[in-house]
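> Let me give you the structure first, and then I'll get to my questions.
The values are calculated or read from the model by the stated rules, or taken from the named source; none is laboratory data. In this text, all values refer to a predicted model and were calculated from it rather than measured experimentally. Note that we place each Cβ from the backbone using ideal geometry, even for glycine, and neighbour counts take in every protein chain shown. When the accessible area is computed, the model is the full protein with side chains, heavy atoms only, and any ligands, DNA or RNA have been set aside. Shrake-Rupley method; radii C 1.70, N 1.55, O 1.52, S 1.80 Å.
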2 protein chains.
Amino acid sequence: MKLATLRDDQRNRQRDGRLVVVSADARRCIDASPVAPTLLDALERWSVVEPALHDLARTVNAPAAQGAMPFDVRQCLAPLPRTWQWLDGSAFLNHGHLMERAFKVPPVADFETIPLMYQGAADDFLGPHDDVALPSEADQIDFEGEFGVVLSETPLGVAAEEALQHVRLIVLINDWSLRAFGPREAKSGFGFVQAKPSTAFAPIAVTPDELGAAWTGGRVHLRLQTQRNGEWFGHPHGGAMHFDFGQLIAHAARTRRLSAGTLIGSGTVSNADVAVGSSCIAERRMVEALADGAPHTPFLRFGERVRMVALDGQDQPAPFGVIDQMVVPCGAAGPERMSIENATD
Amino acid sequence: MKLATLRDDQRNRQRDGRLVVVSADARRCIDASPVAPTLLDALERWSVVEPALHDLARTVNAPAAQGAMPFDVRQCLAPLPRTWQWLDGSAFLNHGHLMERAFKVPPVADFETIPLMYQGAADDFLGPHDDVALPSEADQIDFEGEFGVVLSETPLGVAAEEALQHVRLIVLINDWSLRAFGPREAKSGFGFVQAKPSTAFAPIAVTPDELGAAWTGGRVHLRLQTQRNGEWFGHPHGGAMHFDFGQLIAHAARTRRLSAGTLIGSGTVSNADVAVGSSCIAERRMVEALADGAPHTPFLRFGERVRMVALDGQDQPAPFGVIDQMVVPCGAAGPERMSIENATD
């Protein structure tokens with residue numbers, strides 16, 4: 001099943017949008033709000049609403065597609081426009097090793113046995129084509145391509161082997177990052193706040209069955225291809241996760257239960273083979289510094305575009321769709337990023 | 001104005017409860033759900049609902065108190081049972097210095113000019129009398145008494161001087177902590193996840209005017225008194241914050257806008273004068289270690305109780321009410337902590 005969230009201008013829907021079920025070919029969708037007004041609501045009572053959502057999937061995939069409408073990714077918010085918790089792991093050790101060197105921080109003890117994980121802002125996610133409005137190019141604007149899972153309610157103390165049962169949806173993420181803040185925040189020990197502005201998502205969240213064999217062993221076995229201004233930047237493979245999502249979920253739930261809608265990220269997809277490129281600029285810069293003595297790829301400037309898509313073994317796009325955004329200075333983003341507090345009903 | 005959230009067993013209210021306005025003497029309350037079903041909803045459209053909430057405050061404070069009911073703190077959830085973002089500062093430098101020594105981590109650069117801040121779990125807050133269900137005494141169970149502010153929508157880049165305009169409510173917090181995880185998580189650079197289980201709150205969230213002169217300069221000028229099993233543990237003064245809440249909010253909003261309902265914490269209330277005691281065990285242990293060569297106050301065991309209350313200059317309780325909880329092993333908490341995913345309507 002493929003789910004997305006469309007922009008909706010009604011006041012009480014501006015933040016959470018309207019849930020739709022998307023057709024297999026992603027050309028049509030059907031309003032799911034009579035079943036569950038929002039994806040977060042659906043996740044909170046998944047076992048109750050799932051059959052009705054499957055009925056809608058059958059309808060939208062039937063030749064008549066009664067009640068369907070064209071699926072316009074330009075109208076998409078993030079599939080989950082906001083949620084209660086966003087915990088991002090760092091499960092690709094190659095990325096972790098390079099970032100330790102980039103940030104000049106000491107190696108972390110138990111790096112290979114205990115996942116690294118920070119908590120990000122879940123209150124304000126970006127849709128796949130939203131402008132990325134940031135205060136300053138001097139903050140060293142960077143992207144991070146990742147996969148993520150969205151959970152049903154998950155009990156405190158869940159074992160890694162059982163944790164994957166709570167995965168309801170898989171998503172494709174651009175975890176926008178500001179590298180100028182990273183080293184200081186890492187050294188403070190308190191984790192990333194200013195280094196992590198709003199995170200962006202591909203338009204379609206998929207149930208695990210949609211990925212077929214590409215969802216195996218708690219890992220997403222797809223390549224994550226990034227383009228910067230239309231030029232190839234990298235296509236590392238998601239199967240190289242050192243910790244699988246079950247281990248990441250168990251780590252997150254060790255001392256707290258996780259509410260329905262909790263999002264767990266893989267961390268930047270990264271492979272040891274430098275020929276496959278990178279999913280973030282900081283990594284490439286570190287590779288350059290190690291090879292050439294100094295980095296030469298610059299961080300992003302306003303006006304640059306970043307495009308991400310997941311590809312299968314036959315170079316076919318996976319069902320998440322595409323993230324394609326432009327970085328702009330604050331104040332230049334579209335009207336949908338304006339304050340809504342004083343909007344009327 | 002004094003606001004609280006009562007437990008409500010209707011399925012769609014189990015997580016968020018029912019908003020009430022509390023009388024000045026905290027003996028009565030009145031249902032505010034016709035105005036705004038939840039506090040989070042009220043915060044999202046504060047300018048629209050505030051006049052109606054004030055009308056309810058006048059009603060509940062009138063001698064007839066038409067429509068009012070007794071205010072039973074045992075029925076209280078956290079005032080905001082869950083929200084989109086919980087960012088906790090560390091604005092009392094005395095606490096920060098002692099914790100650096102306790103965790104054996106190096107001093108943070110710019111400690112006195114840039115606030116420390118980690119992001120906590122906002123998906124599952126505890127009410128003032130909820131049991132605190134934790135997996136193991138070996139995790140070094142500790143409390144942290146703090147003040148916090150709840151915001152209206154706050155723009156990216158807000159200046160510290162303007163940030164206080166976005167403070168809608170002030171709350172009293174017990175930021176439960178597991179010290180066994182703290183040093184490793186601090187050294188990882190990714191911040192606190194396992195070290196921070198669910199956070200607890202006093203029953204009443206107050207608008208700033210309720211505190212009178214005790215809310216000045218973006219600080220809460222009240223003593224935070226903690227008792228452990230009925231015995232005095234400390235009463236440090238909230239006015240000693242090095243960074244005020246305006247500076248903490250500006251720090252949080254430097255690269256992201258903050259949604260309505262964002263909670264910003266002061267960090268553990270702490271004074272340099274050891275005679276006033278501490279708001280957490282880890283601090284007292286460090287004071288003991290410095291004075292006596294070794295700590296002798298143990299961390300909490302299951303069955304112990306922790307009580308927190310804010311007191312004014314005349315030793316009178318401030319309007320937040322009391323947090324009074326028992327620490328219990330997982331599985332022993334009350335039924336309200338059970339899963340609700342499969343609850344029926």
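> Could you compute how much accessible area chains A and B hide from each other, both sides summed, with a 1.4 Å probe? Nearest 100 Å² is fine.
The contact between B and A buries close to 5700 Å².
> Give, rounded to the nearest 20 debye, the magnitude of the charge dipole that segment B:86-341 has about its Cα centre when Lys and Arg contribute +1 at Cβ and Asp and Glu contribute -1 at Cβ.
Dipole size: approximately 460 debye.
> Something else about it: Averaged over its residues, how many other protein chain Cβ atoms are within 10 Å of peptide A:115-127's Cβ atoms?
6
> What is the antiparallel percent of DSSP beta bridges lying wholly in the protein assembly as shown, to the nearest 5?
Looking only at bridges with both residues in the protein assembly as shown, the antiparallel portion is about 90 percent.
> Find every distance from the label point of A:Asn229 to the corresponding label point in the other copies (7 Å from Cα along Cα→Cβ) and write them in nm, one decimal, shortest first.
6.7
> Right, here's the next one. Running Debye on the protein assembly as shown with equal point scatterers at the Cα sites and no solvent, what base-10 log of I(q)/I(0) appears at q = 0.09, 0.11 Å⁻¹?
-0.74, -1.13
> What average count of beta carbons from other chains do you get within 10 Å of the Cβ of residues in B:251-263?
Across B:251-263, the average partner-chain Cβ count within 10 Å equals 6.
> Give a residue-ordered list of calculated ³J(HN,Hα) values for segment B:129-143 (Karplus: 6.51 cos²θ - 1.76 cosθ + 1.60, θ = phi - 60°; whole Hz; x for Gly, Pro).
Here the 3J(HN,Hα) series is 10, 5, 4, 9, 8, 10, x, 7, 5, 5, 6, 6, 6, 9, 10 Hz.
> Hey, what angle do you get for helix A:281-292 against the long axis of chain A, alpha-carbon based, 0 to 90 degrees rounded to 10?
30
> Alpha carbon centre of segment B:8-46 versus segment A:31-48: separation in Å?
24
> Please state the shape class of segment A:86-341: rounded when a/c is under 1.5, otherwise prolate if a/b exceeds b/c and oblate if not, all from the C-alpha gyration tensor.
Rounded is the answer for segment A:86-341, as its axis ratio a/c remains below 1.5.
> Nearest beta-carbon of B to the rotation axis carrying it onto A: which residue, how many whole Å?
Value returned for chain B: B:Gly191, 1.
> Sorted from shortest, what are the nm distances separating the label point of A:Arg184 from equivalent points in the other copies, each placed 7 Å from Cα along Cα to C-beta?
With the label placed 7 Å along Cα→Cβ, A:Arg184 yields 3.0 nm.
> Specify the angular offset, from 0 to 90 degrees and rounded to the nearest 10, of the alpha carbon long axis of helix B:93-103 from the longest principal axis of the alpha carbons in chain B.
60
> Using a cut-off of 29 Å between alpha-carbon atoms, which lysines can reach A:Lys196, once sequence neighbours fewer than 8 places away in the same chain are excluded?
A:Lys2, A:Lys104, A:Lys187, B:Lys104, B:Lys187, B:Lys196
> Let's see if you can work this out: charge +1 on each Lys and Arg Cβ, -1 on each Asp and Glu Cβ, no other charges. What is the dipole magnitude of segment B:8-127 about its Cα centre, in debye to the nearest 20?
300
> Another one. Taking the label point as lying 7 angstrom from Cα along the Cα-to-Cβ axis, what are the distances from A:Glu50 to the corresponding position in the remaining copies, in ascending order and in nanometres?
Nearest first, the other copies' label points are 4.5 nm away.
> Using a loss threshold of 50 Å², tell me which positions in segment B:162-210 are less accessible in the complex than in their chain alone. Probe radius 1.4 Å, ligands and nucleic acids ignored.
When all protein chains are present, B:Arg184, B:Gly189, B:Phe190, B:Val193, B:Gln194 each give up 50 Å² or more of accessible surface.
> If you don't mind, another one. Order of B:241-249, A:290-298, B:51-59, B:36-44 by packing, highest average Cβ count within 10 Å first?
Result, highest mean Cβ count within 10 Å first: B:241-249, B:36-44, B:51-59, A:290-298.
> Give me the inter-chain shielding for A:2-9: mean count of other chain Cβ atoms within 10 Å, whole number please.
0
> Just how large is the dipole of the protein assembly as shown about the Cα centre, in debye to the nearest 20, putting +1 at every Lys and Arg Cβ and -1 at every Asp and Glu Cβ?
Roughly 40 debye, rounded to the nearest 20.
> Given B:Ala214, B:Gly267, B:His129, which one lies farthest toward the positive end of the charge dipole of segment B:86-341, if we put +1 on the Cβ of every Lys and Arg and -1 on the Cβ of every Asp and Glu?
Checking the options against the dipole of segment B:86-341, the answer is B:Gly267.
> Taking the Cβ of B:Gln247 as the center, what net charge do the other residues with Cβ under 12 Å away carry, scoring Lys and Arg +1 and Asp and Glu -1?
-2
> So what's the net charge close to A:Thr262: Lys and Arg +1, Asp and Glu -1, counting the other residues with Cβ under 9 Å from its Cβ?
That works out to -2.
> Roughly speaking, what is the centre-to-centre gap between segment B:172-194 and segment A:109-183 when only Cα atoms are used, to the nearest Å?
Computed from Cα coordinates, the inter-centre distance equals 19 Å.
> Kindly write out, for segment B:240-250 in residue order, the coupling ³J(HN,Hα) from the Karplus curve 6.51 cos²θ - 1.76 cosθ + 1.60 (θ = phi - 60°), rounded to whole Hz, with x marking Gly and Pro.
Karplus-based 3J(HN,Hα) across segment B:240-250 equals 7, 3, 6, 8, 8, 4, x, 5, 5, 5, 4 Hz.
> Determine, from the Cβ-Cβ distance of A:Ala52 and B:Asp55 and an R0 of 41 Å, the FRET efficiency 1/(1 + (r/R0)^6), rounded to the nearest 0.05.
The calculated FRET efficiency here is 0.50.
> Describe numerically, in nm with one decimal, the distance between label points set 7 Å from Cα along Cα→Cβ at B:Met69 and at A:Arg27.
5.5
> In addition: From the backbone phi of segment B:181-186, what are the Karplus-calculated ³J(HN,Hα) couplings (6.51 cos²θ - 1.76 cosθ + 1.60, θ = phi - 60°) in whole Hz, Gly and Pro given as x?
8, x, x, 5, 5, 5
> Stretch B:Asn12-B:Ser136 to full length: gain in nm at 0.36 nm per residue minus the Cα-Cα span?
41.4 nm
> Treating the angle as unsigned and between 0 and 90°, give the value, to the nearest 10°, between the Cα long axis of helix B:46-61 and the longest Cα principal axis of chain B.
Long axis of B:46-61 versus the principal axis of chain B: about 80 degrees.
> Per-residue ellipticity at 222 nm for the protein assembly as shown, helices alone: DSSP H runs ≥ 4 residues times -39500 (n - 2.57), over residue total, nearest 500 deg cm²/dmol?
For the protein assembly as shown, the value works out to -5500 deg cm²/dmol.
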